[in-house]
2 protein chains.
Amino acid sequence: MSTYQAPLHDIRFALHDVLGAEALFARLGFTEATGDIIDAVLDESARFTETVLAPLNRVGDEVGCGYDQATGAVTTPPGFKQAYAQFVDGGWSGLASPVEFGGQGMPHLAAIPLKEMIDAANLAWGNFPLLSHGATEALLHHGETWQQEVFLKPLVDGRWTGTMCLTEPHCGTDLGLLKTRAAPRDDGSFAITGTKIFITAGEHDFTDNIVHLVLARLPDAPAGSKGISLFIVPKLRVDRDGHVGERNAVRCGAIEHKMGIHGSATCVINFDDAQGWLIGEPNKGLMAMFTMMNTARLAVGLQGLGLADRAYQNALRYARERLQMRSLTGAKFPDKPADPIIVHPDVRRMLLTQKALVEGGRVLGYHAASLVDIVAHADDAGERERADALLGFLTPIVKACLTEWGVECTYHALQCFGGHGYIAEHGMEQLARDARITTLYEGTTGIQALDLMGRKTMQLQGAGLRVFLGMVEAFCQAHAEDGALREFLEPLRAKAGEWQALTLAIGKRAMGDADEIGAAAYDYLFYSGYMALAYWWARSVAAADASSQPQAFKDAKRETARFYFARILPRTLAHKAAIDSGAASLMTMDADRFD
Amino acid sequence: MSTYQAPLHDIRFALHDVLGAEALFARLGFTEATGDIIDAVLDESARFTETVLAPLNRVGDEVGCGYDQATGAVTTPPGFKQAYAQFVDGGWSGLASPVEFGGQGMPHLAAIPLKEMIDAANLAWGNFPLLSHGATEALLHHGETWQQEVFLKPLVDGRWTGTMCLTEPHCGTDLGLLKTRAAPRDDGSFAITGTKIFITAGEHDFTDNIVHLVLARLPDAPAGSKGISLFIVPKLRVDRDGHVGERNAVRCGAIEHKMGIHGSATCVINFDDAQGWLIGEPNKGLMAMFTMMNTARLAVGLQGLGLADRAYQNALRYARERLQMRSLTGAKFPDKPADPIIVHPDVRRMLLTQKALVEGGRVLGYHAASLVDIVAHADDAGERERADALLGFLTPIVKACLTEWGVECTYHALQCFGGHGYIAEHGMEQLARDARITTLYEGTTGIQALDLMGRKTMQLQGAGLRVFLGMVEAFCQAHAEDGALREFLEPLRAKAGEWQALTLAIGKRAMGDADEIGAAAYDYLFYSGYMALAYWWARSVAAADASSQPQAFKDAKRETARFYFARILPRTLAHKAAIDSGAASLMTMDADRFD
């Protein structure tokens, strides 16, 4: 079975040494988020996830969720419900939610390590509380006062959970096609009718009530995505004064059988004249939905990170224990029957790839989380605006790259186990199967790429990229005299210039042919992700050097950064070549000629 | 559910138009292997795999194999046994085996499309007859006359199946560590005692008898890999005159629960003073084992190809049917609610990646199969020697690259389905899970890389590479005046020179530090794989142009080749940069500092 130990040392390094979290929190007015409090939260997060959630990861996979056709009820795997009760009792649910609605009012950045740990310990379980946060965000930003009063508090304290009901059988990415209808009623509510699929935590036995946030069409709504509204549809009817009534006409019609996350209930939810309440403006549902989705996209990125870290921990342990063959340069442990496989260069390649992507990805993801706090709480409007542009630019990168790297790292980790990695009892194959969903839900990697290239770069004229390039340049200038950093700063600066030129070149081509955007998107996404990681690796080395970390830790950061620059960053060469080749090689072939 | 249609058109193109199979067979003396016969074999192979095996693929995954602790018996999934009976009745088992032992005497190359089709249709099922071929090869090359008489015929006609019993719990790659013992008995047989794991088709209900080929140590055998001998250990005892007796002391102790290929029985096999017969020389078992393993490695490469092709077929169908969003350049099907997703550049990128890797990989794999025939049957000793060197060089490339591309293609295919790809009912996630084993068994990708770099390139001083580069140069010269091929020949020739220089540079560095071999191996493997594919894509364009294929087919080959050169071949840039960076970034970090 795979084990999990929360990587507290590296988490603290990312938070404090690289991102200066404590000073940031003080500046943003989080007076409660002192170093001591953050430390206590981290320690308790580790304890909860290691001892309560991690041991349930395998049973969740093996037993999965059950579905009762007769009642539509969903049963979660053994222990999942009790773990959720502990989660609620511990006050974890509202860690970063506003105090006025019962939350703990911590910064987003201070809560994000808990998220990483939950996902590493038990991704399937983590999907039940996950969407409560999206629902909370939507209610906070778009809900009427009574809606906040009635629905927010139980979501924040975890008594109820939330969902996002977007997808229908014929529409996923293309929400403009959705058919679910909302008919107004005399009491101000709406009758919601339709079928939603792929609803994570759409039904379960953790809580009595479930708050569905449902996209539907009002009568006479314009066609397409401009005619979509958002509704609150609770499983148990709730009136305006908070009275919880009888069962609403919401029923789980089936749960999906999936490649992984078997312990997570992925539901078909049927609404049959169910009572719903409009949230936000009519026909402006997509905007409210994006409030939920951006939160969820960053969160899914963290899922990829968590799984990658757990996979790496186990691969590293195995590589130190498994004895097989001798080092090519002569026996390293002549007293043993063979050397541990960590002596072999190719095993090191797989391990260091994981280490570089996990530790670099952690800073990348945490930095994005810090921007959420800055956007919400910085005094200076200019700072908020820049942070918002950068957050918009980084959100698809964090979502897509951390999840794709999660797939890659679980791949390498399994491979380190050889044939044993394919066997269920070692737990490595579960991590690989679980990781695979993260590149699909909340927008596939292709959709993130299009969001980055089309909207965040072309439409917004590179606003976020400019902020990032400014950070790179400021960092390079600040350390211009630091000879120990030169090996990283020179390639970083050179590649940053290339990144900018590449962006301009795509923009130029796209003016003549919109398909150039789609043709460049995927490779531009990864090019950007590797560039962002190069920046954070260089900064990590600088931060380690400037810190009071042990010398061995500083050395390990520098050596991992060297590996990253030598053996991962060159992937940008292939991505650049693909981008430069343009759309022709993709678009010429007639759709009939593909087979 | 995923569907399968044997790609007969492209298989025939690879065999006849690119590889000139009919003329080759005539030259090698296969007088029976006429065009008509090959065509009939292909048509019947397609019928059998499409109608008998493919429909059992999903039930194999869902039901899997059963194991009875009380008796050690293994039950295969519903329908598997009956399908095997049809396979035997159809004479498929010995298609490429010698006529004198009951086979059909067809060339290896003529039988390889059947292998591809079986694996595409039902990989788990295909693993039962698979290892009979390895056992057949070992007996043909190393067996005594009575052993051939007694064991070969039932293996060739499929009445019995074979296994390869190599791995033990503490030794996989490092067979020198193996502990299974063989004690001589008075009757000339040996008593075999030990535990083998990961034995594919080690126990099942297809046939009465199973012929295990087992690596074990004689008393007083030298330590390590020089003290390993190979034994024939049948499930039912067989004496020298072929009489089948009582049950041998061979028992299945468990079957593994795996990520995929649930329908394939992966067994723990316990030998407890079981009767065995030495095959080949004492202490020379590894050599005999490699006879089996090289056959198996090429066969596993074909598994990756088959799965990739099936995944691509389904992704292509889905991409033509699924309506979602409009083309960035305006609606292409304004009468439909949305455009089929094949209009989107990024979906085309995923599809064309699969098409380029599948069709190019097919020629690469088939060409290697043709070398098996040349090595065995060419009149000219020089030709045999060159073919042998090239086959040795290509075997790790075919095994590793076709399987890794199988993983990649099933990844892209699943991704084309979006969230639906993650759901079991579409069958795409099964293909991805099944494909994952192919990069692990019969030597992981890392082991293939080391075989290519260390043994086939360094130790053998690039003999195989030189033959391949000679083919590239001859092809470029032969088409020097062909303007229509220039777009491919110029980069091919340039990269071939780079390939050669890269090989020399690694060799030079390796003289000073053996770890440079291991550090370069993985990237050199892929660099070589992409170069080999570039050659075969250029040749495919030339072959299509020179053929009587329809113009649309010729255009598709050219457009896919363009895609390959523009968007896949540049991956060599990243691999080259990683190789050039040397071993330092991998080897410096102390094993204690990885976490």
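Bear in mind that the values in this text are calculations on the coordinates, not laboratory data. Here the structure is a predicted model, which means the values were calculated and not measured. All Cβ positions, even for glycine, are placed from backbone atoms using ideal geometry, and neighbour counts span all protein chains on display.
Copy-to-copy label distances for A:T329, where each label lies 7 Å from Cα along Cα-to-Cβ, are 5.4 nm in order of increasing length. Axis of helix A:35-48 versus longest Cα principal axis of chain A: the two differ by about 80°, to the nearest ten degrees.
Going by the alpha-carbon gyration tensor, a ≥ b ≥ c the square roots of its eigenvalues, is region B:257-318 rounded (a/c under 1.5) or, if a/c is not under 1.5, prolate (a/b greater than b/c) versus oblate? Let's see the in-between values first.
Numbers: a/c = 5.46, a/b = 1.96, b/c = 2.79.
Oblate, since a/c reaches 1.5 and b/c is not below a/b.
Compactness of region A:8-141, taken as the C-alpha radius of gyration over 2.2 N^0.38 Å, stands at 1.17.
Note on region B:160-284: dipole from Cβ charges, positive end direction compared against B:T207, B:G188, B:C252; the farthest Cα belongs to B:C252. Note on region A:260-417: with charges restricted to the Cβ of Lys and Arg (+1) and Asp and Glu (-1), its dipole about the Cα centre is near 1020 debye. Footprinting exposure proxy ranking of A:S225, B:S528, A:S581, fewest other C-beta atoms within 10 angstrom first, gives A:S225, A:S581, B:S528. Applying 0.36 nm per residue to the separation of B:R240 and B:Q459 and subtracting their alpha-carbon distance, the gain on full extension is 74.7 nm. Values of log10 I(q)/I(0) for the protein assembly as shown across q = 0.05, 0.06, 0.07 Å⁻¹ run -0.34, -0.49, -0.68, by the Debye formula with one identical scatterer at each alpha carbon and no solvent.
Counting Lys and Arg as +1 and Asp and Glu as -1, each charge on the Cβ, what is the dipole of region B:446-584 about the Cα centre in debye, to the nearest 20?
The calculation lands at about 160 debye.
The helix-based estimate of mean residue ellipticity at 222 nm for chain B, built from -39,500 (n - 2.57) per DSSP H run of four or more residues and divided by its residue count, is -17500 deg cm²/dmol to the nearest 500. Principal semi-axes of the equivalent ellipsoid, √(5λ) from the alpha carbon gyration tensor of region A:63-200, are 26, 22, 15 Å from largest down.
Quick check on region B:117-256: take the gyration tensor over C-alpha atoms, sort the square-rooted eigenvalues as a ≥ b ≥ c, and tell me if it's rounded (a/c under 1.5), prolate or oblate. Note, shape of region B:117-256 comes out oblate. Kirkwood's formula applied to the C-alpha pairs of region A:388-524 gives a hydrodynamic radius of 17.2 angstrom. The percentage of C-alpha pairs in chain B whose separation is greater than 43 Å is 20%. For region B:430-480, the C-alpha radius of gyration sits at 1.66 times the compact-globule guess of 2.2 N^0.38 Å, with N the residue count.
Note down the magnitude of the dipole of the protein assembly as shown about its Cα centre, charges +1 on Lys and Arg C-beta and -1 on Asp and Glu C-beta and zero elsewhere, to the nearest 20 debye. Walk me through the intermediate numbers first.
Values: 110 positive and 142 negative charges, 242 e Å.
With Lys and Arg at +1 and Asp and Glu at -1, about 1160 debye.
Zone of A:R185 (label point 7 Å along Cα→Cβ, backbone N under 19 Å): which residues in region A:227-252? The answer is A:229-252, whose backbone nitrogens lie closer than 19 Å to the label point.
Just rank B:D174, B:D555, A:D36, fewest to most, by other beta-carbon atoms within 10 angstrom.
Values: B:D174 19, B:D555 16, A:D36 9.
In order of increasing Cβ crowding within 10 Å: A:D36, B:D555, B:D174.
The alpha carbon centroids of region A:397-434 and region A:519-595 are separated by 20 Å.
The DSSP beta bridges internal to region B:160-284 are antiparallel in roughly 80% of cases. One Cα centroid belongs to region A:233-277, the other to region A:53-128; the line between them spans 18 Å. Shape call for region A:247-406 from the C-alpha gyration tensor, a ≥ b ≥ c root eigenvalues: rounded (a/c under 1.5), prolate (a/b greater than b/c) or oblate? Because a/c hits 1.5 or more and a/b fails to exceed b/c, region A:247-406 counts as oblate.
Taking region A:178-278, which trypsin sites (Lys or Arg not before Pro) meet the DSSP loop condition and have no more than 12 other C-beta atoms within 10 Å?
On the way: sites: A:K179, A:R181, A:R185, A:K196, A:R217, A:K226, A:K235, A:R237, A:R240, A:R247, A:R251, A:K258; in loops: A:K179, A:R185, A:K235, A:R240.
For trypsin sites (Lys or Arg not before Pro) across region A:178-278 that sit outside H, G, I, E and B with at most 12 neighbouring Cβ atoms in 10 Å, the list reads A:R185.
Taking the C-alpha atoms only, the angle from helix B:108-142 to the longest principal axis of chain B is near 50 degrees.
Round to the nearest 0.05 the FRET efficiency obtained for B:A85 and B:E144 when R0 = 22 Å and r is the Cβ-Cβ distance. That pair, B:A85 with B:E144, gives E of 0.10. For region A:8-141, the residue among A:G29, A:V59, A:F87 whose Cα projects farthest onto the positive side of the dipole built from Cβ charges is A:V59.
Spin-label model, A:E490 to B:D482: label points 7 Å out along the Cα-to-beta-carbon direction sit 4.5 nm apart. Straight Cα distances below 19 angstrom link B:K456 to the aspartates and glutamates A:D346, B:D174, B:E383, B:E385, B:D388, B:E442, B:E498, B:D513, B:D515, B:E516, B:D523, with same-chain residues fewer than 8 positions distant left out.
This ranking places A:R12, A:R567 by how few other beta-carbon atoms lie within 10 Å of each, fewest first, which gives A:R12, A:R567.
For region B:320-461, what is one quarter of the convex hull surface built on the Cα atoms, given in nm²?
If I average the Cα hull's projected area over directions, I get 11.9 nm².
Helix B:285-321 and the longest principal axis of the C-alpha atoms of chain B enclose an angle of approximately 40°. Measuring between their Cα centroids, region A:142-207 and region B:194-216 lie 55 Å from each other. In this structure, A:T588 and A:S225 have a Cβ-Cβ separation that, at R0 = 41 Å, corresponds to a calculated FRET efficiency of about 0.85.
Between copies, A:P98 shows label-point distances of 8.5 nm, shortest first, with the point placed 7 angstrom from Cα along Cα to C-beta. Note on region A:498-578: Kirkwood hydrodynamic radius from all Cα pairs is 14.3 Å, rounded to one decimal. Of all DSSP-defined beta bridges confined to the protein assembly as shown, some 85% are antiparallel rather than parallel. Between identical copies, the spacing of B:D186 label points, each set 7 Å from Cα toward the C-beta atom, reads 10.4 nm from nearest to farthest. Taking only the C-alpha atoms of region A:469-516, Rg followed by Dmax gives 14.7, 45 Å.
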